[in-house]
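Heads up, the thing below is written out as structure tokens.
The values are calculated or read from the model by the stated rules, or taken from the named source; none is laboratory data. Nothing here was measured: the structure is a model prediction, and the numbers come from that model. Neighbour counts are summed over all protein chains in view; Cβ atoms, including those assigned to glycine, are modelled from backbone coordinates with ideal geometry.
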Amino acid sequence: MRIDIVTLFPAMLEAPLAQSILGRARGRGLVDVRVHDLREHAAGRHRVTDEPPFGGGGGMILKPEPLAAAVDALRAEGDEAHVILLGRPGGASARRWRVIWRRDRALSCSAAATRASTSE
């Protein structure tokens, strides 16, 4: 099984991924976990990946372009993949992402079922 993690802080994940059960599974080749730096897919000299929220307010919001570019680059490697976006629990867009994820998952499952039924 292969798991790709796209993050702004890849170095923070390397140590935890090398420890405990996941570290042993990686060592035995049972799981392939790869960590990717989101900034590699950002445009511009400073590789900015976030911006202030539209309409004001505190905090910063991830730009969709670098994230989409990262997902596209991983999908271009040829493997069929499921994308899981993690965000703040209970955030304003949490319900919307769950609906989109379910729809994407349902389409993936129906496509897999169609391939399986046509190959028999």
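Search segment 47-77 for residues being in contact with an Asp or Glu (Cβ under 8 Å, 6 or more places away or on another chain) and assigned to a loop (DSSP other than H, G, I, E, B), and hand back the single one that is farthest from Ile5 (Cα to Cα). By that ranking, first place goes to Met60. Kindly indicate whether any position in segment 75-95 is under 13 Å from the mean Cα position of the chain (by Cα), at pLDDT 80 or above and not β-branched (Val, Ile, Thr). Yes, segment 75-95 has at least one match. Just one of the listed residues (Arg26, Arg39, Arg34) is assigned to a helix (DSSP H, G or I) and closer than 17 Å to Arg2 by Cβ, and it is Arg26. Of the residues Ile5, Ile61, the single one that is out of contact with any Cys (no Cβ under 8 Å at 6 or more places or on another chain), surrounded by 10 or more Cβ atoms within 10 Å (Cβ to Cβ), at pLDDT below 90 and of a type in the set (Val, Ile, Thr) is Ile61.
Every residue, every condition in (1) closer than 27 Å to Arg75 by Cβ; (2) within 15 Å of the chain's Cα centre (by Cα), yes or no:
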| position | (1), (2) |
| --- | --- |
| Leu8 | yes, yes |
| Leu13 | yes, yes |
| Pro16 | yes, no |
| Ile21 | no, no |
| Gly29 | yes, no |
| His36 | yes, yes |
| Glu40 | yes, yes |
| His46 | yes, no |
| Asp50 | yes, no |
